[in-house]
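A short worksheet on the structure shown next.
The values are calculated or read from the model by the stated rules, or taken from the named source; none is laboratory data. Note that this is a predicted model, so its numbers are computed, not measured. Cβ placement follows ideal geometry from the backbone for every residue including glycine, while neighbour counts extend to all protein chains displayed. Ligands, DNA and RNA are excluded from the accessible area calculation, which covers all protein heavy atoms including side chains. Shrake-Rupley method; radii C 1.70, N 1.55, O 1.52, S 1.80 Å.
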Amino acid sequence: MVIPGANMSIVIQARTFEKDFARVGRWIEEYLGDPSRYPVLPALAPGEVSDALPDRAPEEGEPFEQIMADFERIIVPGITHWNHPRFFAYFATSAAPAAIAAEALAAALDVKVMLWRTSPSAAELESVVMRWLGRLMGMPESWTGIIYDTASVAGFTALAAARESLGLDIREDGLSGRDVPVLRVYATAQTHSHIEKAAIALGIGRRNVVAVPCDGAYRMEPAALERAIAQDRREGMLPLAIVATVGTTSTTSIDPVRAIAEIAKRERIWLHVDAAYAGVAAMLPEFAYLMDGVDLADSLVVNPHKWLFIPMDLSVLFLRDEATVRRAFSLTPEYLTTNDGAVRNYMDYGIQLGRRFRALKLWFTLRHLGAAQIRDRLRSHIALAQHFAQWVDEDPQWETTAPHPLSLVCFRYHPRGIDDEAELERLNAALLDAVNATGEMFISHTKLDGRYVLRLAIGNLRTAREDVEAAWGILRREAEVLAR
Ligand code: PLP
């Protein structure tokens, strides 16, 4: 009997692989050696990349070298270079080389970290590095961490656990067709949008995410939170969770977690802390205060793929009691039952079954950089942001527009004599486009109290003082051109 394909060599031959991988290694080394040789933002029209690619996959395999050539010719010119030291948009990130190497190893092992037995080392390393990270950040010792792909999924998981802890058996009976109270989630207008998405997905509804008012520094007002909860209870609604943010997306404002946590405790409401960006800064003794009150919360998310030099994706959900997440999600079909005993089966902690071996890249990075070097880098990013803010404040044509406790500065061009908000928005939006079109730097924007403002975020391993000085020079140069 002839088995089709049985004699076909589909396995990569070791010698070819070594050569191909060395080629990739050289490319990465050259690339990371100087990402600033590329424009940060590609000057490209939508559709240009897809137009350069064939409509169909090839019938016959192609040589690796040819694919690499097309990678360089078609793909790289359309890349936005997050590794560029003058990438200052959103939250700037970059990947440590050791983490990139670990990603290759994880891909080679290609394990699915779902049951302990589907890879004991991966499962146990995850627990160990979670403890390492928790200790570096000053998390309560008894809390445990679980890795998810993103903070959005971790936040969704935390709210699902909060929903489970209400004891309404929504997991089994659902929300529709039954008499359950309206569930409410308390956040602020500064809370990241994934909380609203989680409310959509969990059947809570966007309208039931309450925007608790903030103070002038964009921090949740605890007294307003108390009032909102009391009002909802009077109307027969059921508080589900409070979301406090340590380092909001627009400004990095820090909600008063302790005061919020005391209310959450008193009212018996789940408190989730979103420290996706800023959590790692708690590794610095001078920023340990970022964790103040977290011991009273129920869950906290931090993203090593943001400011801990880990490539996408790796987000950590720390939990006071991981059993609540297990109660929300564990479900074992016959074909996944085991007799492994008291082990942690990671498939019980969320919606995903097969999970990537993400702990490996965090382990490599924490060991290769070491905590001291990581702290130095975080400190230097924060210091650079403070310098930038000072330059802005010293120039009468410019202004910072929010407190800047960490490595992000919100600011705008505000020339003397122009005070109309619509005019200032037009001017700053044009300035944003102009500086980004240079390909020399990349910033993004937000709105604060309806005012359009620019954001400069520092978080890249390669960003040095000269890059921030250059950015300030480009901003002023382009602003002068616009003012003419
Ligand atoms: N929370 C905060 C405070 C963020 O700034 C972000 C993204 O910037 C997120 C959550 C979402 O992160 P992710 O992309 O990991 O879902």
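Here are a few things to note about the model shown:
- Residue list for the stretch 353-383, restricted to those being free of Cβ contacts under 8 Å to residues at least 12 places away in the same chain and either among the hydroxyl-bearing types (Ser, Thr, Tyr) or in a loop (DSSP other than H, G, I, E, B) (or both): SER380
- Number of positions in the stretch 293-321 that are over 19 Å from ARG375 (Cα atoms), in a loop (DSSP other than H, G, I, E, B) and more than 11 Å from the ligand (Cβ to nearest atom): 5
- Verdict on TYR90 being open to solvent by 40 Å² or more (accessible area, probe 1.4 Å), within 16 Å of the ligand (Cβ to nearest atom) and within 30 Å of GLY293 (Cα to Cα): yes
- Answer residue from the stretch 119-149, given it is in a strand (DSSP E or B) and hydrophobic (A, V, I, L, M, F, W, C) and is farthest from the chain's Cα centre (by Cα) among those: ILE146
- Criterion violated by ILE418 - all others in (1) at pLDDT 95 or above; (2) in a loop (DSSP other than H, G, I, E, B) satisfied: (1)
- Residue list for the stretch 284-298, filter: closer than 23 Å to TRP363 by Cβ and either open to solvent by less than 10 Å² (accessible area, probe 1.4 Å) or modelled with pLDDT under 95 (or both): LEU284
- Across the stretch 454-481, the number of residues qualifying as in contact (Cβ under 8 Å) with a residue 40 or more places away in the chain and surrounded by 14 or more Cβ atoms within 10 Å (Cβ to Cβ) comes to 19.
- Counting residues in the stretch 242-258 that are more than 15 Å from the ligand (Cβ to nearest atom), part of a helix (DSSP H, G or I) and touching a helix residue (DSSP H, G or I) at 6+ places or on another chain (Cβ under 9 Å) gives one or more.
- Answer from ALA189, ALA162 - the residue that is farther than 26 Å from MET283 by Cα, in a helix (DSSP H, G or I) and modelled with pLDDT of 95 or more: ALA162
- The condition of being outside any loop (DSSP other than H, G, I, E, B), surrounded by fewer than 18 Cβ atoms within 10 Å (Cβ to Cβ) and either out of contact with any Ser or Thr (no Cβ under 8 Å at 6 or more places or on another chain) or of a type in the set (D, E, K, R) (or both) holds for only one of ARG184, ARG178, ARG227, that being ARG227.
- Single unsatisfied condition, VAL273 versus (1) within 16 Å of the ligand (Cβ to nearest atom); (2) in contact with a Leu (Cβ under 8 Å, 6 or more places away or on another chain); (3) assigned to a helix (DSSP H, G or I): (3)
- Scanning the stretch 148-174 for residues that are of a type in the set (Asp, Glu), closer than 21 Å to SER315 by Cβ and more than 16 Å from the ligand (Cβ to nearest atom) gives a single hit, GLU164.
- Filtered by the rule that a residue be assigned to a loop (DSSP other than H, G, I, E, B), over 30 Å from ALA471 (Cβ atoms) and of a type in the set (Gly, Ala, Ser), the stretch 52-104 gives ALA52, ALA57, GLY61.
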